[in-house]
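The values are calculated or read from the model by the stated rules, or taken from the named source; none is laboratory data. Only a predicted model underlies this, so the values are computations on that prediction, with no experimental measurement involved. Cβ coordinates were reconstructed from backbone atoms using ideal geometry, including for glycine residues, and neighbour counts include every protein chain displayed. Only protein heavy atoms, including side chains, enter the accessible area calculation; ligands, DNA and RNA are left aside. Shrake-Rupley method; radii C 1.70, N 1.55, O 1.52, S 1.80 Å.
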Amino acid sequence: MSDTPYLTTPTETEQMPPGIPYIIGNEAAERFSFYGMRTILTIFMVRYLHLMGDQVLPAMNDAEAQYNYHSWIAWVYLFPIFGALISDAFTGKYRIILWVSVLYCIGHAALALMGSPPFAASSWMWSGLLLIALGAGGIKPCVSAHVGDQFGPKNQHLMEKVYQWFYFSINFGSTLSTLLTPWLLEWYGPHIAFGVPGVLMAIATLMFWAGRRVFIHVPPAGLSFLKAVFSKEGLLAIFKLGIVYVVISVFWALFDQTSSAWVLQAEDMNREWMGITWLESQIQVANPILVMLLIPVFQFVLYPLVSLFFPLTPLRKMSIGMFLAAIAFGLSAVVQGWIDIGERPSIAWQIVGFVIITAAEVMISITGLEFSYSQSPKAMKSVIMALWLASVALGNHVTALVNLAIQIPGINSAVGEGAELMPEDGEQTLKGGWLAKVDTPPKGTTPDGTGEKGNQETKKPNKQVRFAGLDHKFDTPDDFVLTFDTFGNMTNVETSEDAVLEVGRGIIAQHFFQSSSTDDLRELPADDVGTKLLESLKDSRDQPLVYDRITRDRFRILAQGPDGKLLTQWDIVYSAQVSRAVPVAPTVTAKPYTWREERIINLKGPEGQKEVDAARGEIPETKVTGSASIGGRVTLEGADYYWFWTYLMLGAAVLFVPIAYFYRTRDLTDHNANDANDTPSVPTSTETETPGEIGDALR
């Protein structure tokens, strides 16, 4: 009798392996949980994270959110290397999948607890994201191979059918979560939106554990596996495929921005399409749906048709896909250009972009995985699959670094610490190197420093924190002052340029109201027109102001600050917003508040109510408001940002052409003969790959 309580070899049966339902159920829930939280992560960081504590902090800017998002995605796709090595060499697939599924559940619990003591919301978030990255790293390289391990010689004919169900579970889970999770975030908040996927993952983990007695547990290969990896043949395969992977990583640098940059772009688009008003994150559902539609079209129609005129090798497919990706991002750059000049294009343009970039994904992702599988020694299949996923990590790391490099430091990084300062703390150096101290209001003034008389019982005592400017000295003209209410919320930023910036806002607002007699048709001036309108205004250093229209309803006016330069941390940035009054018939029921709107009202009180009403258009008349800040801009934004990635993708596509031409593929005849006596790490129904691996490639 065997010492192990588990089965290690498939039973001699022609029936479906009994462990399959447990695996497919686990995969569907894991994909739901992963895609659900991934779908809303960028929009959460920009619009919700700063509201999760006891005070309202400055919102994270787009570049910082994209840096954080792509850094996390890079770890998600790098950890599979370690998961593959550990499972194949030491633990086996079942144990690593079970262990990391538990980590997955704990990670979702951490995300659901954001805003709870004793940690800051950002600490909860990063703890949860790290655990989920570890979980995905263990599951991704193992789960499809674990499916194949369940089959023996007599029931291998059922494998293709099972992998079809496996692939369906992946796309079903991702499609459902992409639609549902943004809706949960909008109406029930982050706790529910991140918690529901966590509950499903917990159920999936229990289901997977329940199948332990019926699974086939293939023992790990031990040191022999590592010897194969570091053999001459293994290292040569890694080197040759690595050349392909490095160039392909540029595609992933673009593709995964459909969950970050494209989501943020959708905020400024008309999201009414097919009679539905879509949330910013929901439009990502186009990708899994299009994948399921395009795969059969490419496999059974386009590829055979093109092959009649042009030999369509795997590398040539991938090369064409890279050019398609450049076209997709070029379209997004054009759309962003429309937004930059004040238009509000239809979200249907993003759907067109998704069609093109999903076609590129089918040609690159599926074909690349097939090519990798066929070109790797059988003893190294899981490692090569993990290295393929590492190309996704490399691409996202590039995206993260670009978004880090374009950020300019700003005062917002020190607001949280500034709110905690007390008079007895004296001068303090805060995050970002800002030098600050609590201001004591002069005698005879009210606590907010205005000198206004009023009902002292109802007037809130504000705290003012003075920041030293470029000269690092207090009480000089380049100082600026932040005001906080008793709840720690920043209510005002006072700079030396406030007066002239307010005059500038008034001039732009006057032009806006005179542009049309109808609110819907009123437009902010273009950049050149706005700059000309402000040409008579000078800042305190006799330098001209700079006007910049951002979208249809947003603009900013810039003063160069004490260093006399733009695009530095000393820029004084006046950000303004048009709040358009939306007429509502008396018989129409008022829209219920979303979770975010209720949160703003609860945290800010009457001021929050005004902010929410203005954003909803529930105001007597259209108005133009604004506020100042220090630094915090980015050096690459708007359409220029999208054109940068378009040109990078185009360059990578051109570079890939000679690689595709000169690459010498492994002789599959010799490959099959040499590996005839090997046990494949992933049993297949073809000579190249399984549908399960296709599912993993599509993530």
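Numerical summary
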{"quantity": "Percent accessible area from carbon and sulfur atoms, region 193-305, protein chains only, probe 1.4 Å", "calculated": "75"}
{"quantity": "Euclidean distance of C-alpha centroids, region 546-577 and region 349-428, integer Å", "calculated": "29"}
{"quantity": "Folded to 0 to 90 degrees: helix 498-514 orientation relative to the chain principal axis, Cα", "calculated": "80"}
{"quantity": "Accessible area of R95 in the full protein assembly, 1.4 Å probe (Å², nearest 10)", "calculated": "110"}
{"quantity": "Chymotrypsin sites (Phe, Trp or Tyr not before Pro) within region 546-653, DSSP loop, no more than 16 other Cβ atoms inside 10 Å", "calculated": "Y593"}
{"quantity": "Structure-based [θ]222 nm, the chain - -39500 (n - 2.57) summed over DSSP H runs of at least 4, per residue, nearest 500", "calculated": "-17500 deg cm²/dmol"}
{"quantity": "Exposure ranking of T483, T11, T589 by accessible area [1.4 Å probe, largest first]", "calculated": "T589, T11, T483"}
{"quantity": "Accessible area, probe 1.4 Å, largest first, for residues F194, F82", "calculated": "F82, F194"}
{"quantity": "Computed accessible area, L545, all protein chains, 1.4 angstrom probe, square angstrom", "calculated": "10"}
{"quantity": "Per residue, in Å², the accessible surface of region 175-239 once ligands and nucleic acids are set aside, probe 1.4 Å", "calculated": "51"}
{"quantity": "Sparse-neighbourhood loop sites, GluC sites (Glu not before Pro) in region 595-629 - DSSP loop, at most 10 other Cβ within 10 angstrom", "calculated": "E621"}
{"quantity": "H146 - accessible surface, heavy atoms, 1.4 Å probe, Å² rounded to 10", "calculated": "0"}
{"quantity": "Principal-axis tilt of helix 20-47 within the chain, Cα atoms, nearest 10 degrees", "calculated": "20"}
{"quantity": "With eigenvalues of the C-alpha gyration tensor scaled by 5 and rooted, the chain, Å", "calculated": "52, 28, 24"}
{"quantity": "Carbon and sulfur %, accessible surface of region 326-385 computed with the full protein complex present, 1.4 Å", "calculated": "69"}
{"quantity": "Ranking by accessible area, most exposed first, for S116, S515 with a 1.4 Å probe", "calculated": "S515, S116"}
{"quantity": "Full-extension gain in nm, L226 to R213, via 0.36 nm per residue minus C-alpha separation", "calculated": "1.8 nm"}
{"quantity": "Using alpha-carbon coordinates, inclination of helix 190-210 to the longest axis of the chain, degrees", "calculated": "20"}
